[in-house]
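So the structure is just underneath, and the comments pick up after that.
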């Protein structure tokens, strides 16, 4: 966690527009979360140390896979197996032999410590993903960096900063949140989150929707304009983060909340009502599905089938 200092007057309202990633409106205090990038010097090693360095990497990769598997199992207990597809992709990254081969080749050529080499290789792979035309594939760079960050910390014998240390209900602001961060949020304390980067197709946004945590992403370059402890409203419907909301804004959102609650109650009453036009024509209301875990929502919403199934999400989660 970090505090960027008090840059705002307590009475100044600041509205920051972003992308609505997960619906919901929450009010609370802001907590700024930061993963500090580990800067690793290129420490020279001798020829006789190459095999030992690779063994260190193998141990770190094994530990990383164990940690990811543990996160996956903990999440499956609370949300079910269908919500853990993201971590299958992370396990594949941690077991990718192509990355290990690239690291060994760089070790032999450069003869510097494996931490530096591995970090360089991971960043190279992530950059190649960021340059792809497909926006969904571009978002997968964050998953590669998430796994790589965990491996580097294991090589260094360090613990990753975590978000389950929150002791008060808070709204989290970060440059980015890794899917593992989102999955392990203390949902009693994490009311919602906002990030400077990301899109509706990022794994972090998908995790937020699965966990029913309001989220706004794509809030570019705002960390230096905010401070931990500031009162905020996070609007996951409109994609807005409001810092130091005025009394009038608080009142308006209170009224909006009441109206939304009334609408939800009226829709609940209509869930089992047949979709029929005034002239008696029967319609079939179907749902759009992106991931297998969306299926239980079909019955809950009263939909009678699947109108559109976006199979690319299922495919991409399996082949990464």
Whole-number Å³ per residue for the convex hull built on Cα positions in the range 47-156: 91 Å³
By average C-beta atoms within 10 angstrom, highest first, the peptides 201-210, 274-283, 51-60, 172-181: 201-210, 172-181, 51-60, 274-283
Cut-off 14 Å, label 7 Å out along Cα→Cβ of residue 249, residues of the range 18-50 by amide N: 18, 26-30
Residue with peak Gaussian network fluctuation, the chain [Cα springs, cutoff 10 Å], from 237, 251, 118: 251
Ordering of 109-115, 191-197 by burial proxy (mean other Cβ atoms within 10 Å per residue, highest first): 191-197, 109-115
Most mobile listed residue (121, 152, 25) in the chain, GNM with C-alpha springs under 10 Å: 121
Added length on full extension, which subtracts the Cα-Cα distance from 0.36 nm per residue, residue 175 to residue 34: 50.0 nm
The chain: translational diffusion in µm²/s, Stokes-Einstein, Kirkwood Rh over Cα pairs, 4 °C, 1.567 mPa s: 59 µm²/s
Calculated on alpha-carbon atoms, Rg and Dmax of the range 173-215 in Å: 9.1, 25
Fluctuation leader among 154, 186, 288 - the chain, Gaussian network, Cα springs under 10 angstrom: 288
DSSP bridge orientation in the chain - percent antiparallel, rounded to nearest 5: 55 percent
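Where a number appears in this text, it was derived from the coordinates with a stated rule and is not lab data. What you see is a predicted model; the values in this text were computed from it and never measured. Every residue, glycine among them, receives a Cβ derived from its backbone with ideal geometry; neighbour counts consider all protein chains shown.
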